[in-house]
Amino acid sequence: MGCNCGKNQSSNPDGERASANLKQVQKKRMEPPVNRPTFPQIPQLTEPRHRTKLISPPPKLRFTSTEEMMDRMNRGLPPTSPDSGIEQNTSSKQESNLESEPVKTPSFVDKVKNLGKSVASRVTQGKASEDLIKLRVLSCHGDGEVVPCPYRSASNTREGAYFCTACGCGDKPRAFLNDPDDSGAYTKLDYPWVSCPVRMPGFGDYKPFSEETQEAIDKLPNGMKRKQLTEVVLTARGIEIPPAYEPVKTNGDTNDSSES
Ligand code: SF4
């Protein structure tokens, strides 16, 4: 019989239970490990992780072939359809597009060279011929059939005036492509030799679309696409496009501004 003094633990039922539990735990530890079910392993990347583009790039512009355009015009249709070739954007839409897609303007050196050629041509020859000016007006402003140039923008300083955002001359009176108050005023389009970044018909550095390099087309795709359309329309109208011409040379300059 126990005396409840705590000396004889074996007679204590709590102590016996604790001792039994301890023995069970010790026994379990000695048992071989149980093969528990495992979760499927997540495969580890062995290749470097590449960032996935969440925003897909804008689709490449689709060019309608010159032959297709000519064929459409011969059938009395507009040169392009809504699902092919150039879009018939409104000029305000085109101007707003420019804000999101700024174009690369010619380098400072090229701008100085072009300006020098234009000024020299004005000094020595006065003014371009009417036919040349008409072609330039079509190239920049378009007409009922040819949309305005995507790089033409309304001036923020003078209502009704437009300037070229691709040539880098800026929104300045001397660079305006028109004079809204005086149709007879001398504007940028009146210089005997003047450069166009897209090398459009009528400009001193005109280059046919068929001779443009892919690199040049990729640089100003909207303008190049429109040049192709303009050439088709002019051909259909029986208007001959004069080739690029040599401006008056200044300090050894030539007419090679194709990189501008
Ligand atoms: S890119 Fe050429 S056609 Fe277009 S606005 Fe400028 S000068 Fe005119």
| task | Scan segment 199-246 residue by residue and report those that are of a type in the set (V, I, T), farther than 22 Å from A128 by Cα and touching a Pro at 6+ places or on another chain (Cβ under 8 Å). | result | V232, V233
| said: I'd like to know if segment 208-224 contains one or more residues that are more than 9 Å from the ligand (Cβ to nearest atom), more than 16 Å from P106 (Cα to Cα), at pLDDT 95 or above and touching a Phe, Trp or Tyr at 6+ places or on another chain (Cβ under 6 Å). | reply: no
| Are any residues in segment 169-185 among the acidic types (D, E) and either within 12 Å of the ligand (Cβ to nearest atom) or surrounded by 14 or more Cβ atoms within 10 Å (Cβ to Cβ) (or both), and if so, which ones? | D171, D179
| From the options K227, K134, K188, residue that is more than 12 Å from the ligand (Cβ to nearest atom) and not acidic (D, E) | K134
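For every residue, the table says whether it meets (1) without any contact (Cβ under 8 Å) to a residue 60 or more places away in the chain; (2) outside any loop (DSSP other than H, G, I, E, B); (3) within 19 Å of V119 (Cα to Cα); (4) touching a Pro at 6+ places or on another chain (Cβ under 8 Å).
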position	(1), (2), (3), (4)
N156	yes, no, no, no
G160	yes, no, no, yes
F163	yes, yes, yes, no
C167	no, no, yes, yes
R174	yes, yes, yes, no
N178	yes, no, yes, no
A185	yes, no, yes, no
W193	no, no, yes, yes
| remark: Conditions (1) out of contact with any helix residue (DSSP H, G or I) (no Cβ under 9 Å at 6 or more places or on another chain); (2) away from the ligand (no atom under 12 Å from the Cβ) -> N114 fails only (2)
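Conditions (1) at pLDDT 65 or above; (2) assigned to a loop (DSSP other than H, G, I, E, B), marked per residue:
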{"site": "T64", "(1), (2)": "yes, yes"}
{"site": "M70", "(1), (2)": "yes, no"}
{"site": "G76", "(1), (2)": "yes, yes"}
{"site": "G85", "(1), (2)": "no, yes"}
{"site": "K93", "(1), (2)": "no, no"}
{"site": "D110", "(1), (2)": "yes, no"}
{"site": "K113", "(1), (2)": "yes, no"}
| request: Kindly list the number of the only condition in (1) under 23 Å from the mean Cα position of the chain (by Cα); (2) part of a loop (DSSP other than H, G, I, E, B) that fails for E145. | output: (1)
| Whichever residue in segment 141-168 is at pLDDT 95 or above and among the charged types (D, E, K, R) and, among such residues, is farthest from the ligand (Cβ to nearest atom) | E159
| task | Return the pairs, sorted by first residue and then second, in which the second residue is assigned to a helix (DSSP H, G or I) and near the ligand (Cβ under 10 Å from one of its atoms), the first residue lies in segment 122-141 and is under 17 Å from A244 (Cβ atoms) and charged (D, E, K, R), the beta carbons are less than 9 Å apart, and the residues are 6+ apart or on different chains. | result | R136/K188; R136/L189
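The values are calculated or read from the model by the stated rules, or taken from the named source; none is laboratory data. Note that the coordinates shown come from a computational prediction; the quantities given were computed from them, not determined experimentally. Note that we place each Cβ from the backbone using ideal geometry, even for glycine, and neighbour counts take in every protein chain shown.
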